[in-house]
Every structure is written in structure tokens, then in C-alpha cells.
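Report on the following structure.
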Amino acid sequence: MSNIIEKRMVDFFKAHHVLTLATCTNSEPYCANCFYTYIENNNYLVFSSDEDTKHITDVLKNNLVAASVVLETKTIGKIQGLQIKGKLIEAKDNELKLANKAYLAQFPFAILKSTKLWILKISYIKMTDNRLGFGKKLIWENK
């Protein structure tokens, strides 16, 4: 496993904009769908959400999360997706400036809503890409 993120993964992040975020507190799992932007230089996913949502109240108790980004298709040979693990933190200071600029560039309508920006600092990515062969997996991990 290399510390350099596979270009296919980066391209996949950039080609999509909805992630499914999974949280867990008190042995109770939960998931939410969020519009995201990907900041390649920092390997971050950025999304906005209110603090009173279930997924964010969970994160405030346990910021270790999982997520996925998938291509929706019924064609087995085209199946692609990313499974992700990392830590979710509130965007602050310089990270907030970077996150805000990137998020508003992709979702300019977000300027109308007052929510917080959150950063998913990715520690693990598994990419399934059946175009490379049935069940082909690519793994990246930040050690």
C-alpha cells in the first residue's frame, strides 16, 4: 500500500458529489447522505450539516466514521465505489477558509444556508472497480 492515493480514486471522488456517512454511538449505527466536495491536496471530504442533526450529534460523541461513494448501476461490469474510514472534525481556522472556498465553488447555493462545514480526514479507502476485473479492489491507507 502506497501513501500516494490512486488516481482512479481521486477521479472517482471528483466525478461524484454525494456520500453516505455512517456513524455509531452507544452501539447504535446511523447513516446520512451528504453533498460533498473533495479537496485533493489534503485528501479531505467537505460537507455542510447542522449541529443538531443525528449524524453530527453522533460525531460529537465519536468522530470515527465510515462513508461510501458509489456509482449507481445495474451493470455488473461497471460497478464502482469507494468505502472510506476516517475522522470527522468541524472545519476551523485555515481549514475552514479552504473548505468554505471549495464547498461554495461546487455548491454556490450553500451560501444561502447557515450551517457548519465538516471535514472528513480520510485514513482508509477501498475502491471496488469491476471495470478492472470482477471484484477488483484497490486499497489506500494512511499509515
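Some notes on this structure:
- Working note: 222 nm ellipticity from helices only, DSSP H runs with n ≥ 4, each -39,500 (n - 2.57), summed and divided by the residues of the chain, gives -6500 deg cm²/dmol to the nearest 500.
- Within region 7-141: Cβ-based charge dipole about Cα centre, in debye rounded to nearest 20 (Lys, Arg +1; Asp, Glu -1): 520
- Subtracting the Cα-Cα distance of Val10 and Tyr124 from 0.36 nm times their residue separation leaves 39.7 nm of extension gain.
- Note on Val46, Val65: ascending count of other Cβ atoms within 10 Å places them as Val65, Val46, the fewest first.
- Derived scalar couplings between HN and Hα for region 34-40 equal 9, 6, 10, 10, 10, 9, 4 Hz in order, rounded to whole Hz, by the Karplus curve 6.51 cos²θ - 1.76 cosθ + 1.60 (θ = phi - 60°), x for Gly and Pro.
- With the highest mean first, a sort of the peptides 54-61, 87-94 on other beta-carbon atoms found within 10 angstrom per residue produces 54-61, 87-94.
- Positive-pole candidate from Ile79, Cys31, Ala110, dipole of the chain, charges at beta carbon: Ile79
- Distance between the 7 Å Cα→Cβ label points at Cys31 and Lys87: 2.5 nm.
- Spin-label proximity, Leu60 to region 1-38 - amide N less than 20 Å from point 7 Å beyond Cα toward beta carbon: 21-34
- Sequence-ordered 3J(HN,Hα) estimates for region 87-104 from the Karplus curve with 6.51, -1.76 and 1.60 and θ = phi - 60° stand at 10, 9, 10, 6, 6, 9, 6, 5, 5, 5, 4, 5, 5, 4, 4, 5, 5, 5 Hz, glycine and proline given as x.
Every read-out reported here was derived from the displayed coordinates using simple, explicitly stated rules and does not represent laboratory data. Here the structure is a predicted model, which means the values were calculated and not measured. Using ideal geometry, Cβ is built from the backbone for each residue, glycine included, and neighbour counts are taken over all protein chains shown.
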